[in-house]
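The values are calculated or read from the model by the stated rules, or taken from the named source; none is laboratory data. Computed from a prediction, not measured in an experiment: that's the story for all the values here. Cβ: placed from backbone, ideal geometry, glycine included. Neighbour counts: every protein chain shown. Areas reflect the complete protein model, heavy atoms only, side chains present, ligands, DNA and RNA absent. Shrake-Rupley method; radii C 1.70, N 1.55, O 1.52, S 1.80 Å.
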Amino acid sequence: DAKTTQPNSMESNEEEPVHLPCNHSTISGTDYIHWYRQLPSQGPEYVIHGLTSNVNNRMASLAIAEDRKSSTLILHRATLRDAAVYYCILRDSGRDDKIIFGKGTRLHILP
Amino acid sequence: NAGVMQNPRHLVRRRGQEARLRCSPMKGHSHVYWYRQLPEEGLKFMVYLQKENIIDESGMPKERFSAEFPKEGPSILRIQQVVRGDSAAYFCASSPDTGMANEKLFFGSGTQLSVL
């Protein structure tokens, strides 16, 4: 799997937007960008994924750079429930393959 | 549609005993993945299975660990002769039949194994 780089931790105030960056300079043209998060004492949960275009869903938005070498997960209005470890992962389309988790970004939300 | 079910939620074993962890994937999912998470560490891939087949076991320890996903019934992760270092949270995930990269994985709540 292609490598991603994320900050170890970030802080944000409650009810403010949060931008979580991810660098993936070695991404290939067939790699999807996936984001998962893991809340304390729970299993990971899917957040969002995309290939080239920006994506929106009820949980978050994914902004993908034009050259696809980086992306940003956007939480529009953070709540205390969003405190978690966020993982940015690349998956090669067309391959029947596992997901490899890196260290992710631990997001702290300040009340 | 029930999510991925793992049981037991907590499992306590003494050193040398066997641990069996079960995972029932979501309905219609035939791909199962097992991950291990040691305290304060990240998720480590262990094994990827499809019905009756092991696709990728590159993350499985060479000894004492085995996994299966039979035609009928849940996937089982088996740890023989457990040691204290096996204490961890074990997560199972499933995905739909395509197994393609634009599919998402659905995770269970995990089994917390404690070895005394």
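Which of the residues that make up region B:16-53 are away from every other protein chain (no Cβ under 12 Å), over 19 Å from B:Ser114 (Cα atoms) and more than 11 Å from the chain's Cα centre (by Cα)? Break it down into steps so the answer makes sense when it comes.
At the first step, the residues of region B:16-53 found to be away from every other protein chain (no Cβ under 12 Å) are B:16-22, B:24-29, B:38, B:51-52.
Checking the rest, the ones that are also over 19 Å from B:Ser114 (Cα atoms) come to B:24-29, B:51-52.
Residues satisfying the conditions are B:Met26, B:Lys27, B:Gly28, B:His29, B:Lys51, B:Glu52.
Pairs please, first residue from region B:68-85 and in contact (Cβ under 8 Å) with a residue 40 or more places away in the chain, second anywhere and open to solvent by 40 Å² or more (accessible area, probe 1.4 Å) and of a type in the set (Ser, Thr, Tyr), Cβ atoms under 8 Å, 6+ apart in sequence or on different chains.
Matching pairs, first to second residue: B:Pro74/B:Ser24; B:Ser75/B:Ser24; B:Leu77/B:Ser66; B:Arg78/B:Ser66; B:Gln80/B:Ser66.
Only one residue in A:Ser9, A:Ser25 is over 12 Å from the mean Cα position of the chain (by Cα) and touching a residue at least 60 places away in the same chain (Cβ under 8 Å). Which one? Quick ask: steps written out before the conclusion?
Values: A:Ser25 fails: touching a residue at least 60 places away in the same chain (Cβ under 8 Å).
One residue alone meets the criteria, A:Ser9.
Does region B:35-42 include one or more residues that are in contact with an Asp or Glu (Cβ under 6 Å, 6 or more places away or on another chain), over 13 Å from A:Lys98 (Cα atoms) and not small (Gly, Ala, Ser)? It would help to see each step written out before you state the result.
Start the filter on region B:35-42 by keeping residues that are in contact with an Asp or Glu (Cβ under 6 Å, 6 or more places away or on another chain), which leaves none.
There is no residue in region B:35-42 that is in contact with an Asp or Glu (Cβ under 6 Å, 6 or more places away or on another chain), over 13 Å from A:Lys98 (Cα atoms) and not small (Gly, Ala, Ser).
Looking at region B:67-88, can you tell me whether even one residue there is under 27 Å from A:Tyr46 (Cα atoms), open to solvent by 70 Å² or more (accessible area, probe 1.4 Å), within 14 Å of chain A (Cβ to nearest Cβ) and not charged (D, E, K, R)?
The answer is no, given that none of the residues of region B:67-88 is under 27 Å from A:Tyr46 (Cα atoms), open to solvent by 70 Å² or more (accessible area, probe 1.4 Å), within 14 Å of chain A (Cβ to nearest Cβ) and not charged (D, E, K, R).
Of all residues in region A:53-97, which are closer than 24 Å to A:Pro40 by Cβ and facing chain B (nearest Cβ under 9 Å)?
A:Val85, A:Tyr87
Every residue in region A:1-24 that is among the acidic types (Asp, Glu) and open to solvent by 80 Å² or more (accessible area, probe 1.4 Å), please. Before the answer, list the steps.
We begin by selecting, within region A:1-24, every residue among the acidic types (Asp, Glu); these are A:1, A:11, A:14-16.
Residues satisfying the conditions are A:Asp1, A:Glu11, A:Glu15, A:Glu16.
Checking the condition crowded, with 18+ Cβ neighbours inside 10 Å and basic (Lys, Arg), which residue from B:Arg36, B:Arg20 passes? It would help to see each step written out before you state the result.
On the way: B:Arg20 fails: crowded, with 18+ Cβ neighbours inside 10 Å.
From the options B:Arg36, B:Arg20, the qualifying one is B:Arg36.
Keeping to region A:25-39, report how many residues are assigned to a loop (DSSP other than H, G, I, E, B) and surrounded by 17 or more Cβ atoms within 10 Å (Cβ to Cβ).
Restricting attention to region A:25-39, the residues satisfying the condition of being assigned to a loop (DSSP other than H, G, I, E, B) are A:25-30, A:39.
Of the ones still in play, those that are also surrounded by 17 or more Cβ atoms within 10 Å (Cβ to Cβ) are A:27.
Looking only at that region, the number is 1.
How many residues does region A:40-68 contain that are closer than 14 Å to A:Asn23 by Cα and open to solvent by less than 90 Å² (accessible area, probe 1.4 Å)? Full working, then the answer.
First, pick out the residues of region A:40-68 that are closer than 14 Å to A:Asn23 by Cα: A:62-68.
Narrowing further to those that are open to solvent by less than 90 Å² (accessible area, probe 1.4 Å): A:62-65, A:68.
Number of matching residues: 5.
Condition first: open to solvent by 40 Å² or more (accessible area, probe 1.4 Å), over 24 Å from B:Gln6 (Cα atoms) and not in a loop (DSSP other than H, G, I, E, B). Can you find one or more residues in region A:95-109 that meet it?
Within region A:95-109, one or more residues are open to solvent by 40 Å² or more (accessible area, probe 1.4 Å), over 24 Å from B:Gln6 (Cα atoms) and not in a loop (DSSP other than H, G, I, E, B).
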